[in-house]
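Asker: Input: one structure, supplied below.
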Amino acid sequence: MKQNIRTHSRGKTVAFISFSLAILICLSFTFTYAEFTNSSRAKRVVATYDSVGVLFSSNYLSSNVTLGNASPDVYRRMIYTDGSTHAYGEITVCNYAQGNTAKTYEYDITYELYAALVILGESNGKTTKTPATAAQVGEKSVSLQYKNTTVVLNSSTLSNTFAVSTLDHRNASTDICKVTFSEDFNGEGTGNLALYLCARPVGNSSGITPLDSVFTTGTNSIRNAWSGRFSDVQTNHTPSDYDGLNYVISGSGVGTVVLSWKDDTFKVNNTFIKSVLDEAGASAAYTSGVNGWSTLEFPVDSSITDRYDLQFYFADENVARDLSWTDLNNNDIAEGTYVRFSYTES
């Protein structure tokens, strides 16, 4: 009889524990659901990449969300020489954010590299491109070494699409395209002839967009220059379409960059601030809340890093969202209303 009582009592204990767990699970679900549904609004993505930076990136090519080669609006880069030798550069294509090999894209990235000779123009303050003709190219040429292939673009071969390549997600993977301009690019009469490069993803990958830029040559006398700009500028989207905006600091030479932003409008992702401060040590400085502005000052050296990617986030839910790209990219250190940028050569 006692044995039966003990058996019956254990059953009641088990039943009580099971019932208690069921209540806890229900309460947990109710709380979690409430947390989710009480969110003030659904968060949109930060333009085309997350807070750690672009996971399909390059040291020279820039993200282009309008299908790279199909877009007339491109970002212009310079390949430098001392004027007496060929202008030479190495363009990388990577499956991680520039400067951060610790995090790679979660899947393999398959892409093709497209190269073409183009003629540059300008429209509404932006650099545009059109295909070059054989007559416009003349005797000039550009040699490209990519993986195990060498191609020379000239008046006979105005463009080339290299074989598809895959960046392995299991490692920090980098492809390199070595570019050499013929010496006659250094002199007068080159005009607006340039090299266009585009790394075009094959297939659909979330957060992965084409990378492209146009390349011209320059001499060391104009080499030392850095700039800052919002990289999401496009006609079919306004700043209000995003919760965060991508910003690029890039250039050539050695000096000091000062980036400031208005506290009641923006904040910068802490990961970027911390990485800059850790890397530069005592040479960098960060201040916040001084006359309504935050400022990050740090040294730059293009021989080590020639590009930094960061994100600006709106300060809170009540920030006015009627800003234009023109408002934001007016970032002169003295006149910028929301973001200010300056560079001082060492």
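The values are calculated or read from the model by the stated rules, or taken from the named source; none is laboratory data. Predicted, not measured: the structure shown is a model, and the values here were computed from it. With ideal geometry, Cβ positions are generated from the backbone for all residues, glycine too; neighbour counts draw on all protein chains shown. SASA here: full protein model, heavy atoms, side chains in, ligands and nucleic acids out. Shrake-Rupley method; radii C 1.70, N 1.55, O 1.52, S 1.80 Å.
Asker: How far, in nm, would the chain grow between D322 and T149 when pulled straight, counting 0.36 nm per residue and subtracting the alpha carbon separation?
Answerer: 57.4 nm
Asker: Of D278, D309, D241, which has the most accessible area and how do the rest follow, probe 1.4 Å?
Answerer: Heavy-atom accessible area, descending, gives D278, D241, D309.
Asker: Net charge near D175: determine it from the other residues with C-beta under 14 Å of the C-beta of D175, scoring Lys and Arg +1 and Asp and Glu -1.
Answerer: Net local charge, D175 excluded: -1.
Asker: I need the calculated FRET efficiency for the pair K126 and T92, taking r as the beta carbon distance and R₀ as 30 Å, to the nearest 0.05.
Answerer: Rounded to the nearest 0.05, the efficiency is 0.75.
Asker: Tell me the relative contact order for segment 111-169 as a rounded percent, counting alpha carbon contacts under 8 Å between residues six or more apart.
Answerer: In percent, rounded to a whole number, it is 40.
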